[in-house]
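The values are calculated or read from the model by the stated rules, or taken from the named source; none is laboratory data. It should be emphasised that the depicted structure is a prediction, and the values quoted were computed from it without experimental measurement. Methodologically, a virtual Cβ is constructed for each residue, glycine included, from the backbone with ideal geometry; neighbour enumeration extends over all protein chains shown. Please note that ligands, DNA and RNA were not included when accessible areas were found on the heavy atoms of the full protein model with its side chains. Shrake-Rupley method; radii C 1.70, N 1.55, O 1.52, S 1.80 Å.
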Amino acid sequence: GGEIDLEDLAGRDCYAGLDLASTTDTASLVLYFPEVHAVLVFVWVPERACLERERRNKTRFDGWIASGDMLCTPGDVIDYERIRAKINELGVQYRIVEIAIDRWNATQLATQLQGDGFEVVGFGQGFASMTAPTKDLECLVIEGKLRHGGHPVMRWMAGNVSVETDAAGNLKPSKKTSQEKIDAIVALIMALGRALVQEESAPSIGVL
């Protein structure tokens with residue numbers, strides 16, 4: 001997982017991926033710092049979902065909520081205003097270049113974040129958008145470069161991921177076939193995707 005020095009991240013560029021998935025279950029925000037391959041993870045869950053999990057004998061979130069690795073919001077659904085407030089708080093601490101978001105689930109929040117001064121970019125969930133950053137994530141993991149501080153929820157979601165592949169060898173994480181929640185991984189892939197786009201579009205410096 002690699003240790004993360006929060007002070008070292010201050011002032012560095014980072015890219016955010018926001019996967020809201022469902023208002024009645026978990027939602028994730030991931031900040032990716034390409035210079036040092038560091039990742040900060042934030043996961044929200046409504047109180048009602050925690051009670052439902054206990055009733056259905058599914059993975060319990062109590063321990064992660066107690067440790068602060070998961071944020072519980074009161075009520076039946078996630079309060080998007082809390083997510084917005086957290087993003088604005090992080091925007092003061094770190095330089096968030098862009099926020100990648102699936103507009104299908106978050107048109108209002110995307111508009112509000114733009115009003116707050118953030119660059120918000122719609123990010124598709126199909127092979128075209130997801131393949132390159134999914135493969136990049138795989139390389140970072142295999143090479144041992146990704147630093148997430150051993151975040152337990154991220155590790156759990158990574159263990160849940162099932163990957164969908166097409167005939168051309170494109171791939172993406174599949175929420176449909178994954179056994180449990182994977183939104184933190186999806187959010188990380190979205191953040192990686194925007195970092196890759198910026199890297200590819202950066203002007204090269206010629207050598208005389």
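Here is how the numbers come out for the structure above:
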{"quantity": "Farthest toward positive dipole pole in the chain [+1 Lys/Arg, -1 Asp/Glu at C-beta], among Gln114, Met190, Ala168", "calculated": "Ala168"}
{"quantity": "Approximate shape of segment 62-208 as ellipsoid semi-axes (Cα gyration tensor, √5λ), whole Å, largest first", "calculated": "25, 22, 17"}
{"quantity": "Separation between Cα centres of segment 1-55 and segment 121-175, rounded to whole Å", "calculated": "15 Å"}
{"quantity": "Contact order relative to length of segment 68-150, as percent, for alpha carbon pairs under 8 angstrom and 6 or more apart", "calculated": "22 percent"}
{"quantity": "17 Å Cα-Cα reach of Lys145 towards aspartates and glutamates, excluding residues that sit fewer than 8 places from it in its own chain", "calculated": "Glu3, Asp5, Asp8, Glu35, Asp136"}
{"quantity": "Whole-number percent relative contact order across the chain, with pairs defined as alpha carbons under 8 Å at least 6 apart", "calculated": "29 percent"}
{"quantity": "5 Å binning of all Cα-Cα separations within segment 13-135, expressed as whole percents from 0 upward", "calculated": "2, 10, 19, 22, 19, 15, 9, 3, 0"}
{"quantity": "For the chain, calculated [θ]222 nm from helices alone, where every DSSP H run of n ≥ 4 adds -39500 (n - 2.57)", "calculated": "-13000 deg cm²/dmol"}
{"quantity": "Calculated SAXS-style log₁₀ I(q)/I(0) at q = 0.20 Å⁻¹ - segment 1-48, Debye, Cα scatterers", "calculated": "-0.70"}
{"quantity": "Estimated FRET transfer efficiency when R0 is 22 angstrom, pair Glu81-Leu51 (beta carbons, to 0.05)", "calculated": "0.50"}
{"quantity": "Relative contact order [Cα under 8 Å, 6+ residues apart], segment 17-130, whole percent", "calculated": "23 percent"}
{"quantity": "Cβ-derived FRET efficiency at R0 35 Å, Asp116 paired with Ser67, nearest 0.05", "calculated": "0.75"}
{"quantity": "R0 of 25 Å, Cβ-Cβ distance Thr23-Glu200: FRET efficiency to nearest 0.05", "calculated": "0.15"}
{"quantity": "Accessible-area order (highest first, 1.4 angstrom probe) of the listed residues Glu138, Glu52", "calculated": "Glu138, Glu52"}
{"quantity": "Which of His37, His151 is most accessible, then next, and so on - probe 1.4 Å", "calculated": "His37, His151"}
{"quantity": "For segment 99-159, convex hull of alpha carbons as volume per residue, Å³", "calculated": "130 Å³"}
{"quantity": "On Cα atoms only, tilt of 80-93 relative to the major axis of the chain in degrees", "calculated": "40 degrees"}
{"quantity": "Of Ala27, Ala49, Ala168, the one that fluctuates the most in a GNM where the chain has Cα springs shorter than 10 Å", "calculated": "Ala168"}
{"quantity": "Sequence-distant residues sharing a close amide H with Arg12 (under 5 Å, placed H)", "calculated": "Arg95"}
{"quantity": "Under 10 Å, Cβ to Cβ, from Pro46 - net charge with Lys/Arg +1 and Asp/Glu -1", "calculated": "-4"}
{"quantity": "Under 19 Å from Lys58, Cα to Cα: aspartates and glutamates that are on another chain or at least 8 residues apart", "calculated": "Asp25, Glu47, Asp69, Asp76, Glu180, Asp183"}
{"quantity": "Share of carbon and sulfur in the accessible heavy-atom surface of segment 68-172 [1.4 Å probe, %]", "calculated": "51 percent"}
{"quantity": "Values of log10 I(q)/I(0), in the order q = 0.25 Å⁻¹, for segment 76-121 under a Debye, Cα-only, solvent-free model", "calculated": "-0.95"}
